[in-house]
Amino acid sequence: MTTLDTRTTMAADEAAAVISTFRRHLSSGRASLGEMFGGHLEDRSHGALVYTRGGVEYLNCAGYGVFILGATHPYVTDAVIAQVRTHPVSTRILLEPLAAAAAEALINVCPPGLTKVHFVGSGTEATETALKMARAHGKRRLITTVNGYHGKTMGALSVTARSIYQDTFRPLLPDVEQIPYGDAAALEQVLKDGPESCFILEPVQGEGGVIIPPAGYLTEVQRLCRAYGCFLIADEILTGIGRLGRWWGVNAEGIEPDVMLVGKGLSGGVIPVAAAVATEKAYKPFDKDPFLHTSTFAGAPVAMAAAKAAIEAVIAEDAVNKASTTGHLLKEGITSSAQRHRPHLIREIRGEGLLIGVEAHDAGLAGELVLELLDARVLVNHSLNNSAVLRLTPPALLTTDEADRLLSAVDLAFAALARRFPSAR
């Protein structure tokens, strides 16, 4: 037996043991998914590449949008390691200078008017924070969009408008209204009829299937919210930190929300961290009482090191502009490939920057495409609120060779689907 054969056998044995442990102690469903995807065990990662215990290399276009800088970016990793060795978690009694530095770094790249930061550990916690701010201002009714996604804790789940996630946990928060995404007239109709409200939306719907609103929609949303005294939350957890080829989705139309949610890319792909960034007026109840809404690990120095370093690295690497340029090339290439290989299988390619959605004609075809790309050693995500859409969220620091590898893999996957499904399903 060769060294490679021995390594492969050992990896297979370890994978079987890990799958068994997942079933016993974690999630049998997750174990079954792992088996379906080949039973591979993630071992290490760098940049756009992920490696398994068996030595298989994957191009990572998944990770739910976290890796705008790729994995283990040296600047972010070094900052986190240095902080771990000195002071990773604070007393929460004395002031943390790194929290102040991280807040200032974040505010410096945020839209005008957003001057206050509340750091948390995850995107869904950022949503909870913003909803509580709205409640503190008397905004009792929550308005969300159909197929909007804002997290799965109880408050966030109440505005994550999909019954498959909500039904098991009802009753959720009361007085929640759903309106179609991209429909400003629907928003006005709801605002005319009812109590003081809070509207939460994504500048581009991510889990909804990379849905881009019509031009002028965000501007009209802001006008309506101001006219009716509606508290506006912009969820930039996925779309922010350069993912759309600009710092923030709201930059497209220059709107200024009451609160903006930040996450995923803020971690630098190293330490989980998120934030709710607010205007001084929106933040006032929290500003007055620092114990009104707290969390033990919020603003931990190790997370603040990651956030500050991530922002600095995005600037130093010119990642925002790279996301715009690379995203345009990838979208063009994927569209061209889809048109060559039986376009009856693919409904649409859409996206901005490095948030690219491939919508198949049905969920089954999308699943087949995910598996074909997996065989081609490319990792992608499906959209949680639109199972016919797979999403590609590669790093902004993708090399030319890696971009070519991605386009080649997509082309091969489309061709394989065309051979198996020569006519519309």
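Assorted remarks:
- Its Cα centre serving as origin, the chain has a Cβ charge dipole (Lys and Arg +1, Asp and Glu -1) of approximately 580 debye.
- Counting only alpha carbon atoms, the long axis of helix 400-420 and the longest principal axis of the chain meet at about 70°.
- Label-point separation, residue 328 to residue 175 (7 Å along Cα→Cβ), nm: 4.6
- Label point 7 Å beyond Cα of residue 280 along Cβ direction - residues of the range 105-135 with amide nitrogen under 13 Å: 113-116
- Rounded to the nearest 500, the 222 nm mean residue ellipticity of the chain from helices alone is -13500 deg cm²/dmol, with -39,500 (n - 2.57) taken per DSSP H run of at least 4 residues.
- Among the cysteines of the chain, those with no neighbouring cysteine Cβ under 4.7 Å are 61, 110, 198.
- Residue exposure sequence - 146, 277 - by fewest surrounding Cβ within 10 Å: 146, 277
- Helix 217-227 vs. the chain, principal-axis angle (Cα, 0 to 90°, nearest 10): 20
- Projecting the Cα atoms of 245, 304, 165 onto the dipole axis of the chain, where Lys and Arg carry +1 and Asp and Glu carry -1 at the beta carbon, places 165 farthest toward the positive end.
- Taking the Cα atoms of the chain, the ratio Rg/Rh between the radius of gyration and the Kirkwood radius comes to 0.97.
- Descending by average beta-carbon neighbour count within 10 Å, the peptides 386-397, 57-68 line up as 386-397, 57-68, the highest first.
- Cα-centred dipole magnitude for the range 236-341, charges only on beta-carbon of K, R (+1) and D, E (-1), debye, nearest 20: 300
- For residue 185 and residue 135, the difference between the fully extended length at 0.36 nm per residue and the C-alpha to C-alpha distance is 15.5 nm.
- Listed residues 230, 393, 351: farthest to the positive end of the dipole of the chain (Cβ charges): 230
- The range 205-266 - charge dipole about Cα centre, Lys and Arg +1 at Cβ, Asp and Glu -1, debye rounded to 20: 120
- Net length available on complete extension from residue 219 to residue 423 is 69.2 nm, with 0.36 nm assigned per residue and the Cα-Cα distance removed.
- Dipole axis of the chain (+1 Lys, Arg; -1 Asp, Glu on Cβ), positive-most option in 109, 62, 406: 62
- The chain - percent relative contact order, Cα under 8 Å, separation 6 or more: 21
- Inter-site label distance for residue 78 and residue 348 at 7 Å from Cα along Cβ, in nm: 4.4
- Among 410-417, 183-190, sorting by the average number of other beta carbon atoms lying within 10 angstrom of each residue, highest first, gives 410-417, 183-190.
- Helix 301-316 axis, angle to the chain major axis (alpha carbon atoms, nearest 10°): 70
- Above-threshold pairs, the threshold being 29 Å between Cα atoms, out of 132/308; 308/331; 264/284; 116/331; 139/322: 308/331; 116/331; 139/322
- Inter-probe distance in nm under a simple model that places probes 7 Å from Cα toward Cβ, at residue 152 and residue 94: 3.9
- Calculated FRET value between residue 104 and residue 196, using beta carbons and R₀ = 25 Å, to 0.05: 0.15
- Sites residue 339 and residue 253 - FRET efficiency at Förster radius 22 Å, r taken between beta-carbons, to 0.05: 0.10
Just so you know, all these numbers are worked out from the coordinates, no wet-lab data involved. Remember, predicted model here, so these are calculated numbers, not experimental data. Backbone-built Cβ (ideal geometry, glycine too); neighbour counts: all protein chains shown.
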